[in-house]
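Asks: Questions regarding the structure given below will be posed in turn.
Where a number appears in this text, it was derived from the coordinates with a stated rule and is not lab data. Source: prediction; values computed, not measured. Every residue, glycine among them, receives a Cβ derived from its backbone with ideal geometry; neighbour counts consider all protein chains shown.
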Ligand SMILES: C[S@@+](CC[C@H](N)C(=O)[O-])C[C@H]1O[C@@H](n2cnc3c(N)ncnc32)[C@H](O)[C@@H]1O
């Protein structure tokens, strides 16, 4: 396929890549992703042309609009980069699994310790698109692309992860970035249960999750500008610590507007509610770091 747009969920990966590419144009990007533009293709110009119109209509600079429209993806990317870079030196045999990796380029852009095994799992079309678009660029780690449907364990991706070398008796860093919200609730739970079962004591999980109020708000704003990404959200969670505790993880939970991780990208007061069906719903997202303690 020429892009990931054939499947609307995979298309979200391209929008994320476009936002990462546009982040690179800011004076101080929160991370360095030299490959995002090639992966995002036309989506970069598509977003920028809409945002130029927004800037003109609202009498703001394009930079202000970019910061506002990309800040969640930028903070999330940096949060998970920081989690990886802080955890990797603690692992004697580093292994990382990125589930729903989409057009994530960490395999190519982060300074991995030698002998790190990095496994990416996503739909075959997304992984093929990425491999073709990146061509001869070499990953900085032992890189394994595993095709599979995270909702369907029968597609054999767990067996393929293990065959490719994932060791259950060795701590793993799992990344679930922009993924669980796209799964139906039973599938989200099955996936978290499976990840827990494959993780020994000392494993680390980095993920984000969306509050139930945001799911409701997204579903009622299907035709809004940002709706192409959010309208597919299905799984919401108001108590991520409790959710992960039930699968054996101790979680530390932040929100992107928290000062220590916001890098000045959020105003001091953020509207956190939205009216949905006549009721105020609490909106927002969680950024989660968790350690397996059982
Ligand atoms: C919003 S994108 C995020 C991609 C990537 N984690 C990132 O942050 O750049 C969601 C990704 O999850 C993948 N995904 C969603 N549901 C999936 C499923 N059932 N099986 C495999 N991948 C899935 C999509 O193909 C897409 O690449």
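Asks: Expressed as a whole number of Å, what is the distance separating the alpha-carbon centroids of the stretch 152-174 and the stretch 30-80?
Replies: Centre-to-centre (Cα) distance: 34 Å.
Asks: For an R0 of 30 angstrom, estimate the FRET efficiency from the Cβ-Cβ distance between residue 46 and residue 255 and round to the nearest 0.05. Please list the in-between numbers first.
Replies: Numbers: r = 29 Å, r/R0 = 0.96.
After rounding, the FRET efficiency stands at 0.55.
Asks: Tell me the label-point distance for the pair residue 190, residue 64, using the 7 Å Cα-to-Cβ offset, in nm and rounded to one decimal.
Replies: 4.8 nm
Asks: Would you mind ranking 216, 234, 205 by Cβ crowding within 10 Å, fewest neighbours first? Walk me through the intermediate numbers first.
Replies: Working: 216 19, 234 16, 205 24.
With the fewest neighbours first, 216, 234, 205 line up as 234, 216, 205.
Asks: What residue among 131, 36, 107 shows peak mean-square fluctuation when the chain is described by a Gaussian network model with Cα springs under 10 Å?
Replies: Among 131, 36, 107, the largest mean-square fluctuation in the Gaussian network model of the chain belongs to 131.
Asks: Further, regarding this structure: Can you give the three extents of the C-alpha atoms in the chain along their principal axes, from longest to shortest, in whole Å?
Replies: 56, 45, 36
Asks: Hey, fewest Cβ within 10 Å first, where do 181, 145 land in order? Walk me through the intermediate numbers first.
Replies: On the way: 181 24, 145 20.
By the 10 Å Cβ count, ascending: 145, 181.
Asks: In addition: Any idea what Rg and Dmax come out to for the stretch 5-117 if you just take the C-alpha atoms, in Å?
Replies: 15.8, 54
Asks: Let me ask something else. How far is it, in nm, from the label point at residue 85 to the one at residue 53 when both lie 7 Å from their Cα along the line to the Cβ?
Replies: Between residue 85 and residue 53, the simple spin-label model gives 3.8 nm.
Asks: For the modelled label position 7 Å from the Cα of residue 92 along Cα-to-Cβ, which residues of the stretch 181-212 have backbone nitrogen atoms closer than 17 Å?
Replies: So the set is 200-203.
Asks: Given only helices, namely DSSP H runs of n ≥ 4 each adding -39500 (n - 2.57), what is the per-residue ellipticity at 222 nm of the chain, to the nearest 500 deg cm²/dmol? Kindly include the intermediate steps, with their values, before the conclusion.
Replies: Details: 12 runs with 122 residues, N = 294.
Value at 222 nm, helices only, nearest 500: -12000 deg cm²/dmol.
Asks: If I build a Gaussian network model for the chain, linking alpha-carbon pairs within less than 10 angstrom, which residue out of 258, 104, 208 has the largest mean-square fluctuation?
Replies: Maximum fluctuation in the GNM of the chain, among the listed residues, is at 258.
Asks: Any chance you could give the angle, 0 to 90 degrees and rounded to 10, that helix 62-87 forms with the longest Cα principal axis of the chain?
Replies: So the helix axis and the longest Cα principal axis differ by about 20 degrees.
Asks: Taking Cα atoms, how many degrees apart are the long axis of helix 185-197 and the longest axis of the chain, rounded to 10 and kept between 0 and 90?
Replies: Around 40 degrees separate the two axes.
Asks: Can you tell me, using C-alpha contacts under 8 Å and at least 6 residues apart, the relative contact order of the chain as a whole percent? Don't skip to the end; give the middle numbers.
Replies: Details: 517 pairs, mean separation 49.3, N = 294.
Taking the mean separation of contacting Cα pairs over the length of the chain, I get 17 percent.
Asks: Express in nm, to one decimal, how much length is gained between residue 220 and residue 138 on full extension, taking 0.36 nm for each residue of separation and deducting their alpha carbon distance.
Replies: On the way: separation 82, 0.36 × 82 = 29.52 nm, distance 4.27 nm.
Length difference between fully extended and current span is 25.2 nm.
Asks: While we're looking at this one, here's another question. Measure nothing but the geometry: give the 0 to 90° angle between the long axis through the Cα atoms of 43-58 and the longest principal axis through the Cα atoms of the chain, rounded to 10°.
Replies: Roughly 30 degrees, rounded to the nearest 10.
Asks: Which of 65, 126 has the fewest other C-beta atoms within 10 Å, and how do the rest follow up to the most? Write out the running numbers ahead of the final one.
Replies: Values: 65 20, 126 24.
The most exposed by this proxy come first: 65, 126.
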